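Note sheet for the following structure.
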């Protein structure tokens with residue numbers, strides 16, 4: 001005769017009314033001893049409740065969000081024949097003629113932490129689940145992972161059933177999730193669970209009208225498109241931002257001296273063409289910043305051309321048109337091209353070709369203000385330069401403080417490609433060129 005067992009919550013210590021954040025089994029599931037049944041989370045700890053026996057789940061009596069305490073009924077299960085002899089029987093309760101009913105407490109859980117599990121050297125990871133015929137696809141079994149790892153995977157939208165664990169008894173570690181995502185992104189395969197959108201968990205739905213009058217306006221098409229791209233860049237590129245300053249006192253004086261000559265050619269000579277020329281020189285000096293990471297993440301593609309994207313603020317949102325062959329053009333040529341492309345951008349007349357082929361981007365907020373910011377890398381580029389408003393500051397020259405016009409630089413880069421030391425070298429080299437524009441002639 002088959003035995004039916006009631007599995008209840010054991011004594012979990014100094015916890016009461018603990019919330020269930022995950023139910024890991026459903027009716028009809030076959031579970032093994034020590035397989036996790038539910039995940040609990042209190043204000044002090046997160047824990048999984050393991051199964052005391054092997055058997056088939058016939059009824060689940062809890063759901064996500066339930067507050068449970070010691071003795072609360074979790075589920076009913078029919079024991080496997082191998083578990084019946086070891087199962088303690090509740091002799092005080094009458095049982096139906098066709099089956100024996102018992103009540104068993106699940107084993108006390110161990111509080112989970114984020115520390116990775118290690119197995120002895122040379123020991124291979126093995127699955128706690130029986131594998132008929134010797135093998136089984138990952139998607140056909142339940143993932144074995146700690147609550148912290150499950151939460152980490154949920155936040156990233158990863159399906160744990162697709163991951164092979166490297167921990168003891170095949171348990172999935174945080175490193176396994178990270179490795180799976182890296183491999184999936186490198187190979188162009190989705191690392192997310194089927195149907196999962198590329199976004200972090202959304203915030204709570206709030207009825208703002210309860211607090212006062214509101215006006216809801218649809219997000220512009222350009223903001224929707226650029227927002228999705230920026231979100232993707234932020235999630236897939238490990239960002240680092242290097243902050244620095246450049247002395248542009250002499251360069252600004254030279255620019256102002258050339259304004260009259262520029263006006264004769266109907267040009268508005270801003271600081272941007274000079275900055276673009278300096279950046280182009282730095283990219284030639286340090287070609288890694290002008291490279292792109294291959295789709296498989298195994299090699300760098302070095303571009304032999306220098307096309308620089310310049311962020312333009314338009315009434316409809318931010319766009320980044322690309323100026324080609326910056327290293328081969330003069331300052332007046334760049335000023336003329338910038339005026340033309342900025343006008344097309346504000347009028348909404350940019351063509352697709354105007355936005356393609358960039359190697360490096362510049363985002364300037366100097367005309368608005370600010371002291372520093374962290375621009376988002378415009379992948380597949382590997383770096384972007386942000387500049388803020390220049391300010392006159394006292395700078396020590398070895399004998400006295402001198403008033404110098406200092407330009408704040410914010411360089412964000414892809415840390416998979418560029419190391420911190422190279423980030424500093426780039427801003428230092430760029431600062432040197434900007435402090436003495438004559439270096440471009442060398």
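The values are calculated or read from the model by the stated rules, or taken from the named source; none is laboratory data. Being a predicted model, the structure only gives us computed values, none of them experimental. Glycine also receives a Cβ, built like all others from the backbone with ideal geometry; neighbour counts cover every protein chain displayed.
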Being modelled with pLDDT under 95 and either assigned to a loop (DSSP other than H, G, I, E, B) or exposed (fewer than 13 other Cβ atoms within 10 Å of the Cβ) (or both) is the filter here, so list the residues in the stretch 301-319 that pass it.
-> 311, 315, 316
Please tell me if residue 225 is surrounded by 12 or more Cβ atoms within 10 Å (Cβ to Cβ) and under 30 Å from the mean Cα position of the chain (by Cα).
-> yes
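Here's a check for you: in the stretch 407-434, which residue that is over 20 Å from residue 380 (Cβ atoms) and surrounded by fewer than 19 Cβ atoms within 10 Å (Cβ to Cβ) is nearest to the chain's Cα centre (by Cα)?
Filtering first and then ranking leaves 420.
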When residue 45 is run through (1) under 30 Å from residue 152 (Cβ atoms); (2) at pLDDT below 85; (3) in contact with a strand residue (DSSP E or B) (Cβ under 6 Å, 6 or more places away or on another chain); (4) surrounded by fewer than 16 Cβ atoms within 10 Å (Cβ to Cβ), the failure sits at (4)
Could you say which residue among 358, 369 is assigned by TED's automatic domain parsing to the domain that holds residue 411 and either assigned to a helix (DSSP H, G or I) or touching a residue at least 24 places away in the same chain (Cβ under 8 Å) (or both)?
-> 358
Please verify whether the stretch 274-283 includes one or more residues that are under 15 Å from residue 378 (Cβ atoms), over 26 Å from the mean Cα position of the chain (by Cα) and surrounded by 17 or more Cβ atoms within 10 Å (Cβ to Cβ).
-> yes
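On the given criteria, is residue 380 assigned to a strand (DSSP E or B) and either modelled with pLDDT under 95 or over 23 Å from residue 326 (Cα atoms) (or both)? Spell out how you get there, then give the answer.
Working: assigned to a strand (DSSP E or B): no; either modelled with pLDDT under 95 or over 23 Å from residue 326 (Cα atoms) (or both): yes.
So residue 380 does not fit the description; no.
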Please determine, by comparing only the residues of the stretch 181-215 that are modelled with pLDDT under 85 and assigned to a helix (DSSP H, G or I), which one is surrounded by the most Cβ atoms within 10 Å (Cβ to Cβ).
-> 181
Please work out which one of (1) in contact (Cβ under 8 Å) with a residue 60 or more places away in the chain; (2) farther than 15 Å from residue 271 by Cα is the condition residue 335 fails and give its number.
-> (2)
Could you pull out the residue among 238, 218 that is modelled with pLDDT of 85 or more, loosely packed, with under 13 Cβ neighbours inside 10 Å and over 28 Å from residue 410 (Cα atoms)?
-> 218
Of the conditions (1) within 26 Å of residue 229 (Cα to Cα); (2) in contact (Cβ under 8 Å) with a residue 24 or more places away in the chain, the single one that residue 406 does not satisfy is (1)
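Being without any contact (Cβ under 8 Å) to a residue 40 or more places away in the chain, out of contact with any strand residue (DSSP E or B) (no Cβ under 6 Å at 6 or more places or on another chain) and not in a loop (DSSP other than H, G, I, E, B) is the filter here; which residues of the stretch 338-354 pass it?
340, 341, 343, 344, 352, 353, 354 - these are the residues of the stretch 338-354 that are without any contact (Cβ under 8 Å) to a residue 40 or more places away in the chain, out of contact with any strand residue (DSSP E or B) (no Cβ under 6 Å at 6 or more places or on another chain) and not in a loop (DSSP other than H, G, I, E, B).
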Some residue of the stretch 376-388 being in the same structural domain as residue 242 (by TED's automatic domain parsing) and loosely packed, with under 15 Cβ neighbours inside 10 Å | no
Subset of the stretch 1-23 that is part of a loop (DSSP other than H, G, I, E, B) and modelled with pLDDT of 85 or more - its residue that is farthest from residue 57 (Cα to Cα) = 10
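Considering the stretch 284-299 alone, what residues qualify as being surrounded by fewer than 16 Cβ atoms within 10 Å (Cβ to Cβ) and touching a residue at least 60 places away in the same chain (Cβ under 8 Å)?
Hits for the stretch 284-299 are 285, 295, 296, 297, 298.
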Lone unmet requirement of (1) in contact (Cβ under 8 Å) with a residue 12 or more places away in the chain; (2) farther than 19 Å from residue 372 by Cβ; (3) in a helix (DSSP H, G or I) for residue 417 | (3)
